[in-house]
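The values are calculated or read from the model by the stated rules, or taken from the named source; none is laboratory data. This structure is a prediction, so every number in the text was calculated from the model and none was measured. All Cβ positions, even for glycine, are placed from backbone atoms using ideal geometry, and neighbour counts span all protein chains on display. Quick note on the areas: whole protein, heavy atoms, side chains included, nothing else; ligands and nucleic acids left out. Shrake-Rupley method; radii C 1.70, N 1.55, O 1.52, S 1.80 Å.
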Amino acid sequence: MIPSPASPAPSPGGSGAPRPRPLRLLLAYPALALYAIISLYPFLWMVSGAFKDGAEILAGGHLVPAHPTLETLARTWGRLRFFDYFLNSLLVTGLTVFGVLAVYSLASYAFAVLDFPGRRLLLWFFVALLFVPGITVLLPVVILEDKLGLLGTHVGLVLPFVNGTAPLAVLLLTNAFRTVPKEMRDAARVDGAGEPRIFWRVYLPLARPTLITVGVLTAVPTWNEYVLTRVSLNEESRYTLPLALESLANGTVTHYNEIMAGSLIIVVPVILLFAALQRYFVTGLTGAVKE
């Protein structure tokens, strides 16, 4: 078929021609791959050590176990007493996540929607707390909890954890609430809805991915927290899993393969949580920071 004279010939730079990739992308991919390898190697070493015996873990030098065994995991499971401390970790983590979502979703709604004096200054104050290392306030927190009679209790852990998550939670949730069209709030007010109902029925459902993201970002560090837990808790019956892992190293001989196995056992719930909520996590994170 002879082409019509009216149809222009495709130009080399037209939309059909492949566009060359920028140099920065060609440099970014190898850098990201190298970073991923460096980040994953300690985790892979931990998994490998959990399936080695004592002699092989001390020999080192190879990542893949020469004689993999489940005996290390079975023995560590018994020594770790997982279920004795799992409920403590679950209680502290669950209360912390609930407190963060309950308190800072309301605060973020106020920052994003309501108009009150000093709103911008107070928001920037919360954001500035992101740059304050948590270890710098450890001693004041311990002294305050001791005076309040909360030191050594699970409540004494939950309150600092909730407070420490404030900057990130407020930043993400405020940006998420700002993406909700104002017309939806105005329509709800015309229908007679007050601020509590607008918050509960309009803003919270639309910000669900960001709420899940904040929940995951709160649960993971709370589950793995060691420093404040070590300083606060003295009774073994209240120990969380990181303190139970520490007990594996308290002995005449340190069995590094059992420490690796204990670390693997503790980190599995976190991996399962992230795997189950990964889709919401990615959506909520990108939606909250796109502005």
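For the stretch 269-291, the set of residues classified as modelled with pLDDT under 85 and among the β-branched types (Val, Ile, Thr) consists of Val282, Thr283, Thr286, Val289, listed by residue number.
Of all residues in the stretch 26-45, those that are open to solvent by less than 80 Å² (accessible area, probe 1.4 Å) have Cβ atoms under 9 Å from Cβ atoms of residues that are β-branched (Val, Ile, Thr) and at pLDDT 90 or above, 6 or more apart or on another chain, in Phe43/Val267. The numbered conditions (1) open to solvent by 60 Å² or more (accessible area, probe 1.4 Å); (2) touching a Gly at 6+ places or on another chain (Cβ under 7 Å); (3) closer than 30 Å to Pro68 by Cα are all true for Leu272 except (2).
Taken across the stretch 276-284, residues that are β-branched (Val, Ile, Thr), without any contact (Cβ under 8 Å) to a residue 24 or more places away in the chain and more than 22 Å from Gly78 (Cβ to Cβ) do occur, with at least one present. Looking at the structure I just gave you, is Phe274 over 30 Å from Gly60 (Cβ atoms) and among the aromatic types (Phe, Trp, Tyr)? It is false that Phe274 is over 30 Å from Gly60 (Cβ atoms) and among the aromatic types (Phe, Trp, Tyr).
Could you tell me whether any residue of the stretch 56-65 is exposed (fewer than 10 other Cβ atoms within 10 Å of the Cβ), of a type in the set (Val, Ile, Thr) and either assigned to a loop (DSSP other than H, G, I, E, B) or modelled with pLDDT under 85 (or both)?
Yes: one or more hits.
Does Thr136 qualify as being polar (S, T, N, Q), out of contact with any Gly (no Cβ under 6 Å at 6 or more places or on another chain) and part of a loop (DSSP other than H, G, I, E, B)? Judged against the criteria, Thr136 is not a match.
The sole residue among Leu144, Leu129, Leu95, Leu168 that is without any contact (Cβ under 8 Å) to a residue 12 or more places away in the chain, under 26 Å from Val231 (Cα atoms) and open to solvent by 20 Å² or more (accessible area, probe 1.4 Å) is Leu144. Taking Phe161 as the residue in question, decide whether it is among the aromatic types (Phe, Trp, Tyr) and free of Cβ contacts under 8 Å to residues at least 12 places away in the same chain. No, not satisfied.
Selection of first residues in the stretch 251-270 that are of a type in the set (Val, Ile, Thr) and of second residues that are part of a helix (DSSP H, G or I), restricted to Cβ pairs under 7 Å at least 6 apart or on distinct chains, gives the following pairs, ordered by first then second residue: Ile265/Thr76; Ile265/Trp77; Ile265/Leu80; Ile265/Phe82; Ile266/Leu241; Ile266/Leu245; Val270/Val220; Val270/Trp223. Looking only at the stretch 70-92, residues that are β-branched (Val, Ile, Thr) and exposed (fewer than 15 other Cβ atoms within 10 Å of the Cβ) come to 0 in all.
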